[in-house]
Each structure stands twice: as structure tokens, then as C-alpha cells.
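The values are calculated or read from the model by the stated rules, or taken from the named source; none is laboratory data. Quick caveat, the model's predicted, so the values are computed rather than measured. We place every Cβ from the backbone using ideal geometry, glycine too, and count neighbours over all the protein chains shown. Keep in mind that these areas ignore ligands, DNA and RNA; they rest on the heavy atoms of the full protein, side chains included. Shrake-Rupley method; radii C 1.70, N 1.55, O 1.52, S 1.80 Å.
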Amino acid sequence: MAKEITDIVVEGMSCNHCVNSIKNAVGSLKGVEKVDVDLATKKVTVEFDPEIVKGNQIKEAIEDQGYDVTM
């Protein structure tokens, strides 16, 4: 399985609730292996299998939580 790691800039995160909602939303996607959220840098790092889940699906999962995403 080929893994890919991407960094996503997420605007609007301000607390641990934000961190948890993003981790849960992205982490529940099939093919996502690891999700790290850094409030200070507004960066979400996702390790995933691109054959199972696509970057736009990860972006949509974050946007569905109410955040603005830059990839």
C-alpha cells in the first residue's frame, strides 16, 4: 500500500473541540491512517492511502465541520 502525506491549512480552528472534530471527521474516512492537528500553525497533516481516499474527500470532510481549507 502506497502512503501519501499531505499538509492542509485550516482556517477557523481555535480550541481542542476544533482539533477533535477534525480528527474524528478525517480519521473516520476509509484509507486514512493518521491525522495530526496543530492549532498554532493551523495545519492538519494527514497520512493516507491515495488508492482508497482522495485529497478532495479529506478536504470535504474538514469543510463539512465548518472550516475553510487550503491545500
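Details
- Checklist (1) without any contact (Cβ under 8 Å) to a residue 12 or more places away in the chain; (2) open to solvent by 60 Å² or more (accessible area, probe 1.4 Å) applied to G27, failing item: (2)
This table checks each residue for (1) touching a residue at least 40 places away in the same chain (Cβ under 8 Å); (2) out of contact with any strand residue (DSSP E or B) (no Cβ under 8 Å at 6 or more places or on another chain); (3) more than 13 Å from M71 (Cβ to Cβ).
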site	(1), (2), (3)
C15	no, yes, yes
K23	no, no, yes
G31	no, no, yes
D38	no, no, yes
V44	no, no, no
K54	no, yes, no
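- Candidate set from the stretch 30-49 (those that are open to solvent by 60 Å² or more (accessible area, probe 1.4 Å) and out of contact with any Phe, Trp or Tyr (no Cβ under 7 Å at 6 or more places or on another chain)); member that is farthest from T6 (Cα to Cα): A40
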